[in-house]
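The values are calculated or read from the model by the stated rules, or taken from the named source; none is laboratory data. Here the structure is a predicted model, which means the values were calculated and not measured. Cβ coordinates were reconstructed from backbone atoms using ideal geometry, including for glycine residues, and neighbour counts include every protein chain displayed.
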Amino acid sequence: MIKDFRIAGNRILTHLVFWSVFFLVNGFVWGYCAEQATTTYFRNAFWGETKELPFLFALVYLNLYVLIPRFFITKQYFGYLLTVLGSFIIASMLIRTIQPSENTALPAYLYSLGRIIMLNICPVFFVATFIKLWQLWYRQLQMNREILEEKLKAELNYLKAQVHPHFLFNTLNNLYALTLARSEAAPGVVLKLSALMRYMVHDCKSEKIPLEQEIQSMASYIELEKIRFDQRLEISFNVHNAIKGPVITPLILLPFIENAFKHGPSVNTEHAWITIDLMIKEKMLFFKVENSKTPVADSTAPEEPCANGFGLKNVERRLNLLYPGKYSLEKKDDLEYYAIDLKLDLSEN
C-alpha cells in the first residue's frame, strides 16, 4: 500500500475507502455537535453530508487531476492559489444553495460561505491534497534514487570492466617475456593466469566477496610476478588475523599491488623490494603496500606514481563510490620508496 499508494493495488477501492472514512467521520462529528445527539440529528447530519458529496467530489478531483498538474507541479504557485480560492468560493456558493435559507442578508450570507469553506470544504480538500503531494514527492524520491543507483551501477561496471584489460595487459606482457626466453615457468604462468581469469570472470560478478578470496587472488598475482622477476626482487607478503566473515568489493586491493610492481621492480633493476601487509582488527582492514624506487639524480621531484597509474585512479574512484566516508588512503612518495596506507571499514558488510 505504501509502495503504490493503493489498497490491495486497486485505485477505485482506495478512493472508495477514503470517501467512506470521510463521510462517516464527518457525519458522526456533525451529529455529536448537535444540541441533542439523537438519531434524528445523526440522520440529518448524514443526509446533509450526502447532498454535499457531489460538490466535494468535483472540487477534490478538479484539484488532484487539473490544478495540481497544471499549476502546482509547474511551480505556478500564484496561479494555483487564485484558482483554488476561486474554486472554494464557487463550491461554497453551490453548497449554500442546498442548505435551508435562514438569513439572506449579505453579512449572514458571506458568513455562511466562510463557514462552509472552513468546516465543509477545507478538511477534505487539504487531506486529499496532502496525500497527493506526499505521493508525488515519494514517487519522485524513488525515481531519483533509482536514477542515482543506475548511474552508480553503470559507472561501477565501467570501472570494474577497465580493471580486467589493465591487469591482463601487464600479465600477458610477463608471459610474452617468458615465452621469448623459452622459460620452463611459462606453463605455470598460464595455469595461474587461468585461475585468476576464472576469479575475475566468475567470482567478481558479485558486488561483495569473502575477503579470503581477494587475498588468494593477490597471492596468485604475486606468484606470477615472482616468476617474472626471479631473484631480482625481494618481496614480503604478510597477512595477519584474516578471520573469516568479512566481505569486500572484488579487485579493490589488487591494483595497489599491481602499481607497486609497475613502479618498483619494473623500473628499479637493483635492490628491488616490495612489502605488503594486511591485517583485520575490529572489522577494520589495514592494508599497506611499499615498494622501492630508483633514486632521482636531479632535484626535480618526480610525479607521483599514482598520477600516471590508471589502475590506482580507477580503484580510488571505486572506493569513493562504494565506501564513501568509510576509508582513508594515505600516500607517501619518498626518494627511495613509495607507499600507500589504506584503512577500510568493513563493519557494514
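Of everything listed in (1) modelled with pLDDT under 85; (2) within 26 Å of the chain's Cα centre (by Cα), the single unmet condition for Met284 is (1). Quick check on Leu81: is it in a helix (DSSP H, G or I), at pLDDT 80 or above and of a type in the set (A, V, I, L, M, F, W, C)? Criteria met by Leu81.
Close Cβ contacts (under 7 Å, 6 or more residues apart or on different chains) running from residues in the stretch 49-74 that are in the same structural domain as Leu113 (by TED's automatic domain parsing) to residues that are outside any helix (DSSP H, G or I) comprise Lys51/Ile98. Within the stretch 228-241, identify whether any single residue is more than 19 Å from Glu336 (Cβ to Cβ) and surrounded by 21 or more Cβ atoms within 10 Å (Cβ to Cβ), and answer yes or no. Checking the stretch 228-241: at least one residue is more than 19 Å from Glu336 (Cβ to Cβ) and surrounded by 21 or more Cβ atoms within 10 Å (Cβ to Cβ).
The residue that is nearest to the chain's Cα centre (by Cα), among those in the stretch 212-252 that are assigned to a helix (DSSP H, G or I) and of a type in the set (S, T, N, Q), is Gln213. In summary, Pro100 fulfils each of the numbered conditions (1) surrounded by 12 or more Cβ atoms within 10 Å (Cβ to Cβ); (2) modelled with pLDDT under 80 with the single exception of condition (1). With respect to Val289, is the statement that it is at pLDDT 85 or above and among the β-branched types (Val, Ile, Thr) true? Spelling it out, Val289 is indeed at pLDDT 85 or above and among the β-branched types (Val, Ile, Thr). Among the residues of the stretch 14-66, those identified as β-branched (Val, Ile, Thr), over 16 Å from Ser92 (Cβ atoms) and either modelled with pLDDT of 65 or more or surrounded by 12 or more Cβ atoms within 10 Å (Cβ to Cβ) (or both) are Thr14, Val17, Val21, Val25, Val29, Thr50, Val66.
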